[in-house]
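The values are calculated or read from the model by the stated rules, or taken from the named source; none is laboratory data. Source: prediction; values computed, not measured. A quick note on method: Cβ atoms are made from the backbone with ideal geometry, for glycine too, and the neighbour counts reach across all protein chains shown. To get the accessible areas, we keep the full protein, side chains included, count just its heavy atoms, and leave off ligands, DNA and RNA. Shrake-Rupley method; radii C 1.70, N 1.55, O 1.52, S 1.80 Å.
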Amino acid sequence: MTTLEQQAREKTPADAWAQFPWWLLAIIGFLVFMGVLLTVGEEYNSAFLFVKDGIAVTLRTTLTAFGIAIILGLFAGLGRISHNTIIRNIAITYIEFIRGVPTLVLIFTLALVVVPEGADLLKLDVKAISPNSRAVAALSIIYGAFLAEIFRAGIESIPKGQMEAARSVGMTVRQAMQYIILPQAIRNISPALGNDFIAMLKDSSLVSVLAVRDITQQARLYAGSPFRFRESYLVLTFLYLTMTLVLSLLLRWYERRIRQDAK
Amino acid sequence: MQNKMNEQSGNRIVLDGLYKYFGNVQAVIDVDLQVRQGEVVVIVGPSGSGKSTVLRCINHLEVPTKGAVYIDGVHLEDKETDINAVRAEVGMVFQQFNLFPHLTALENVTIAQKLVRKRDKEEAERVGMAQLERVGIPEKANSYPRQLSGGQQQRVAIARSLAMNPKVMLFDEPTSALDPEMIKEVLDVMLDLAKDGMTMLVVTHEMGFARSAADRVVFMDEGQIVEIATPDDLYNNPQHERTKLFLSKILAH
């Protein structure tokens, strides 16, 4: 018995070989290679110095839009499961509309048609709305619909008995949602929200089509004068990969932690 | 009508011609029942007989298809009635405990006091601790439900209801999901409650509890009340064939 257990616990060299995260090593290898290139290669260094000016815009756009998308997604998700037919159908229309159109097309339509028309309707000065704000509005509206489905699934994953217990001690539906259902649901869906944050960081590159000077736009500008594709886009790839790798490693660590907590 | 009002005055719970359909399934058919202040009534019957549905109609977790529920003379089906206010007066204990897993035992017993009874933190915690002591597990106040045994979880669930100072307690098969060695600790808490004069309506198969605590036992079958009697009469001298058949099955071993 003891030997069997020991055998089970001891990793053979073959296991260690199979379980080692080679993919991570390969990606880190690429990042280190690029890092060296950036410091010693003059062409790459000047490309990096130009593109990095967009980092703040990329991060700010993503964070702001994600914050708004969470609020939109929460209400659309609640609306999606509402017993009120009108509210439910408004939420479904929004979600299905967004999910049926490519993200790039939505960015054009939302930023260049919906936002100006909406501003007109509200008697606001259209010119005062910067491309950056339009980009944030477009990304928020798009991801609000994606997050709505995550919130809906999260709320529906909580057993019916939780709502019944909350109602049976006299809580209103709102109190039960706020204090009993949502705290559990948000904890369950937090890894999925993290994944969508990473997806949004990548999709934020699409706002470059609005001439928002994020890192993608910076790289395009640098590449175009004259034809410095290689250093521009390798630097751009390096920047996105660094950000998403750090975020997904953080997410893995967080997921492992909440799984242990649940035990 | 006047007669009916007088009849209700001494009763905590009155069910008047209660019907509940789920689609074409008739779960509850024409149930009349009165539970007086301080009375302990046990409902028994085969599974699917509508016992749990009757209980769930009493705090409107199910809305009756027809008929009326009165709690302390308040008509629940009346549109003017604030159902949340009534529910605060009616404690409910579930088969699956339904504790809030993201809250500690103490938070489980204080959250509704704060939100519904509008008690401040100190008072809610004082009442909450007193109730945890009453059910015998004050030392588990800071434990999360997943760290407690089934019997302990069910006792916290009872404390959660009691902390609201309810006038009536409903128990929906409170020991059916428990391992056998934990049934007694929950029944002991319920017996104490009965002794203290709590008005209780209990769906359970625990005959020992019914014999020592119940004033009346209701036998239900196929959505209807078949007979109501004292525990001794019902278990020793059942009047109806269906009751005899049911008892012969549960007493066979």
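Things to note:
- A:Val209 fulfils the conditions (1) more than 14 Å from chain B (Cβ to nearest Cβ); (2) in a helix (DSSP H, G or I); (3) over 27 Å from the mean Cα position of the chain (by Cα) except for a single criterion, (3).
- Near pairs, Cβ below 9 angstrom, 6+ apart or cross-chain, from segment A:163-189 (on the phi > 0 side of the Ramachandran plot) to any residue that is among the β-branched types (Val, Ile, Thr): A:Gly170/B:Ile83; A:Gly170/B:Val86; A:Gly170/B:Val90; A:Gly170/B:Val116
- Filtering segment A:150-165 to residues that are among the charged types (D, E, K, R) and either more than 13 Å from every other protein chain (Cβ to nearest Cβ) or loosely packed, with under 15 Cβ neighbours inside 10 Å (or both) leaves A:Arg152, A:Glu156, A:Lys160.
- Qualifying residue in segment A:223-238 (condition: closer than 16 Å to A:Val51 by Cβ and β-branched (Val, Ile, Thr)): yes
- Taking segment B:13-109 and the strands (runs of 3 or more DSSP E) fully enclosed by it, the elements with 3 or more residues that are open to solvent by 10 Å² or more (accessible area, probe 1.4 Å) are at B:25-36, B:66-71.
- The residue that is nearest to B:Phe171 (Cα to Cα), among those in segment A:166-181 that are within 7 Å of chain B (Cβ to nearest Cβ) and of a type in the set (A, V, I, L, M), is A:Val169.
- Segment A:182-206, subset more than 22 Å from A:Trp253 (Cβ to Cβ) and open to solvent by 10 Å² or more (accessible area, probe 1.4 Å), residue nearest to the other protein chains (Cβ to nearest Cβ): A:Leu182
- Among the candidates A:Ser204, A:Ser208, residue that is within 18 Å of A:Ala56 (Cα to Cα) and touching a residue at least 60 places away in the same chain (Cβ under 8 Å): A:Ser204
- The criterion of at least 1 residues that are out of contact with any helix residue (DSSP H, G or I) (no Cβ under 8 Å at 6 or more places or on another chain) is met by the following helices (runs of 4 or more DSSP H) wholly inside segment B:194-253: B:231-236, B:241-251.
- Qualifying position, being part of a helix (DSSP H, G or I) and away from chain A (no Cβ under 14 Å), among B:Leu178, B:Leu187: B:Leu187
- Filtered by the rule that a residue be within 11 Å of chain A (Cβ to nearest Cβ), of a type in the set (A, V, I, L, M) and more than 10 Å from the chain's Cα centre (by Cα), segment B:159-173 gives B:Leu162, B:Ala163, B:Met164.
- Filter pass, A:Tyr143 being buried (at least 22 other Cβ atoms within 10 Å of the Cβ), among the aromatic types (Phe, Trp, Tyr) and farther than 30 Å from B:Ala88 by Cβ: yes
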